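What follows is a short report on a single structure.
The values are calculated or read from the model by the stated rules, or taken from the named source; none is laboratory data. Quantities reported herein were computed from a predicted structural model and do not represent experimental measurements. Note that each Cβ is placed from the backbone with ideal geometry, even for glycine, and that neighbours are counted across all protein chains shown.
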Amino acid sequence: MMKSTLIVSCLVAFGMPFAAMTANADTVTMGFTGPQGDNSGGVYTYPYNFTINGSGNYTLICDDFSNQISLGESWTATTLTMSNLNSSNVMGLKFASAGVMGYQEAAYLFMEERAAFNAGNSDPNGLYNWAIWDLLEGSDVSAGKLNNASEEAQVESYLTAAETLGKDGKLTPSQFSNVVIYTPTDTSANGPQEFFGYDTPPATPEPPSLMLLGTGLVGIVGLLRRKPFA
């Protein structure tokens, strides 16, 4: 009984700092290094280039039309892999009202945009990106901003296709297991934008204190196991 009590006491004592450290493991620092996509309708579209945690060259897509960012700006963001998206954690995203289905549809459009870009940039004006903005903003933000009516009609067709797949239950979070949502910790009107990325969350180094904590707990349990029963 004493051994069990001691183990539980140790876990309780270390539980709070352990929880605090693991809760911060999915927070990253994003640095905007510049747009790579077309300046469609006076607004840059996919891809946007970033460093994450100060290194790398990551290409992301913006899902937030209303907010703005500037070259060289940096901010903190939380990451959420689409396969882990559910009705609870979607409430912490920029467009919570879109729900899980809305983010699934946006992820579908992102993957279509990514495929088009990788296939010789077959969507040079980033019309899939405009469809994402229309979808999550809940309004036709692309109207009057594109080069012509044909492009606007194409955006509407992309949006309709995504919404139909969502409505018919043909999209699930697990289909987008490599898609990551980067939500700024400041989601106010003056804050930065939210982004989607593909398989881009960098590995978070394990804090030395967390490593020591784990080693200490293993040592305590091992010591108790070696003690003979009374």
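Among the residues making up the stretch 157-180, those that are in a helix (DSSP H, G or I) and of a type in the set (A, V, I, L, M, F, W, C) are Leu159, Ala161, Ala162, Leu165, Phe176. Take the conditions (1) charged (D, E, K, R); (2) out of contact with any helix residue (DSSP H, G or I) (no Cβ under 7 Å at 6 or more places or on another chain); (3) at pLDDT 95 or above; Asp134 misses just one of them, which is (2).
Residues considered: Ala77, Ala143, Ala98, Ala149. Of these, the only one that is free of Cβ contacts under 8 Å to residues at least 60 places away in the same chain, out of contact with any helix residue (DSSP H, G or I) (no Cβ under 8 Å at 6 or more places or on another chain) and not polar (S, T, N, Q) is Ala149. Please determine whether any residue of the stretch 124-140 is closer than 18 Å to Tyr46 by Cα and β-branched (Val, Ile, Thr). Within the stretch 124-140 (the criterion being closer than 18 Å to Tyr46 by Cα and β-branched (Val, Ile, Thr)), the answer is yes, since at least one residue qualifies.
Filtering the stretch 163-174 to residues that are within 19 Å of the chain's Cα centre (by Cα) and modelled with pLDDT of 95 or more leaves only Leu171.
For Leu135, indicate whether it is of a type outside the set (Val, Ile, Thr), within 26 Å of Tyr58 (Cα to Cα), assigned to a helix (DSSP H, G or I) and touching a Gly at 6+ places or on another chain (Cβ under 7 Å). Criteria met by Leu135. Which members of the stretch 32-87 meet the condition of being within 26 Å of Pro124 (Cβ to Cβ) and among the aromatic types (Phe, Trp, Tyr)? Correct list: Phe32, Tyr44, Tyr46, Tyr48, Phe50, Tyr58, Phe65. Looking across the stretch 30-56, the residues that are hydroxyl-bearing (Ser, Thr, Tyr) and either assigned to a loop (DSSP other than H, G, I, E, B) or under 26 Å from Trp130 (Cα atoms) (or both) come down to Thr33, Ser40, Tyr44, Thr45, Tyr46, Tyr48, Thr51. Taking the criterion of being in a helix (DSSP H, G or I) and buried (at least 23 other Cβ atoms within 10 Å of the Cβ), would at least one residue in the stretch 144-154 satisfy it? No, because not a single residue in the stretch 144-154 is in a helix (DSSP H, G or I) and buried (at least 23 other Cβ atoms within 10 Å of the Cβ).
Test Ala107 against the criterion of being within 23 Å of Asn178 (Cβ to Cβ), free of Cβ contacts under 8 Å to residues at least 40 places away in the same chain and out of contact with any Leu (no Cβ under 7 Å at 6 or more places or on another chain), and give yes or no. Taking the combined requirement at face value, the residue does not satisfy it.
Scan the stretch 64-108 for residues that are out of contact with any Pro (no Cβ under 9 Å at 6 or more places or on another chain), surrounded by 13 or more Cβ atoms within 10 Å (Cβ to Cβ) and closer than 20 Å to Lys167 by Cα and the total you get is 10. The residues of the stretch 115-143 that are in contact with a Ser or Thr (Cβ under 9 Å, 6 or more places away or on another chain) and surrounded by fewer than 16 Cβ atoms within 10 Å (Cβ to Cβ), listed by number, are Ala115, Pro124, Gly138.
If you go through the stretch 17-29 and keep only what is assigned to a loop (DSSP other than H, G, I, E, B) and either at pLDDT 95 or above or within 14 Å of the chain's Cα centre (by Cα) (or both), you end up with Ala25, Asp26.
If the condition is being more than 19 Å from Ser87 (Cβ to Cβ) and among the basic types (Lys, Arg), then the stretch 136-169 contributes only Lys145.
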